[in-house]
Amino acid sequence: MASRHTRFRLFYRIGFTPWEGHAIGQGLRDLIEGTADSPALPTGSALDVGCGTGDSAIYLAQHGWKVTGVDYVAKPLEKARAKAGAAGASVNFARADVTQLSQEGIGSGFDLIVDNGCIHNMSGTDREAYVREVSAVAAPDARLYIVAFPPGGRFGVPGIDHAEMERRFAPGWTLLSTGDERELDDKTPTYYYLFQRRP
Ligand SMILES: C[S@@+](CC[C@H](N)C(=O)[O-])C[C@H]1O[C@@H](n2cnc3c(N)ncnc32)[C@H](O)[C@@H]1O
């Protein structure tokens, strides 16, 4: 794990964390709070993968979810715990690698898994492990909500396109909806993907 997480450890050490403090995407808010057309997802257990300093995890906890947030860098987790404490939100923040989730002792049967900016940074091999491991800890009809940049969208981020998302998740997940999540970053095209686990 040492070499894989060096880049993000460096970013957190030098304070280069442009993603921190972003707004919660409209797609996630619609899912959690409901819309005129669709009711809110019933609360349950949620996992925030690559949680960073915990903004999405804290948001989910504030809306009644039992939340675990994992990141493989220790530093943002300290800040996430402080932010959750200040917000009065209860979140289990744990250091864990998404590519080895089922061996990390974080539990399983999660009803909702959220990823804001994690898979789009990974290599192909890590993406393969991500799909396997996220699937292993998901409840039978879990939802998976991913926000990702496409390739070429942001300097230094490999990105992931629609076709790759569909191909990687097709064996175990149904794509329920996808669309623009541009308000997260008005300079870079950004997309959300909402999947449901097939039992
Ligand atoms: C772009 S940041 C986004 C952080 C947070 N989700 C947010 O929206 O503020 C990506 C995060 O994913 C984490 N990460 C990347 N690969 C990971 C892996 N294999 N296991 C756990 N965390 C990972 C990084 O350390 C970093 O905190």
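The values are calculated or read from the model by the stated rules, or taken from the named source; none is laboratory data. If you're wondering where the values come from, they're calculated on a predicted model, not measured in any experiment. Quick reminder, even Gly has a Cβ in these numbers, built from the backbone with ideal geometry, and neighbours come from all protein chains shown. Calculation scope for accessible area: heavy atoms of the full protein, side chains included, ligands and nucleic acids excluded. Shrake-Rupley method; radii C 1.70, N 1.55, O 1.52, S 1.80 Å.
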Report task. Name the residue, out of Ala46, Ala36, that is of a type outside the set (Asp, Glu) and open to solvent by less than 50 Å² (accessible area, probe 1.4 Å). Result -> Ala46
**Report entry** Verdict on Pro150 being assigned to a loop (DSSP other than H, G, I, E, B), buried (at least 17 other Cβ atoms within 10 Å of the Cβ) and in contact (Cβ under 8 Å) with a residue 12 or more places away in the chain
**Finding:** yes
Query - Candidate set from region 109-128 (those that are part of a helix (DSSP H, G or I) and not polar (S, T, N, Q)); member that is nearest to the ligand (Cβ to nearest atom) - result: Asp126
Report summary line: Taking region 22-54 and keeping only residues that are closer than 21 Å to Leu10 by Cβ and out of contact with any Ser or Thr (no Cβ under 8 Å at 6 or more places or on another chain), one is left with His22, Val49, Gly50, Cys51, Gly54
Query raised in the report: Which one of these is closer than 17 Å to Leu28 by Cα and open to solvent by 70 Å² or more (accessible area, probe 1.4 Å): Leu144, Leu194, Leu176?
Result: Leu176
Report task. Give region 1-53 a look and list any residue that's aliphatic (A, V, I, L, M), more than 12 Å from the ligand (Cβ to nearest atom) and in contact (Cβ under 8 Å) with a residue 60 or more places away in the chain, or say none. Result -> Leu31, Leu41, Ala46
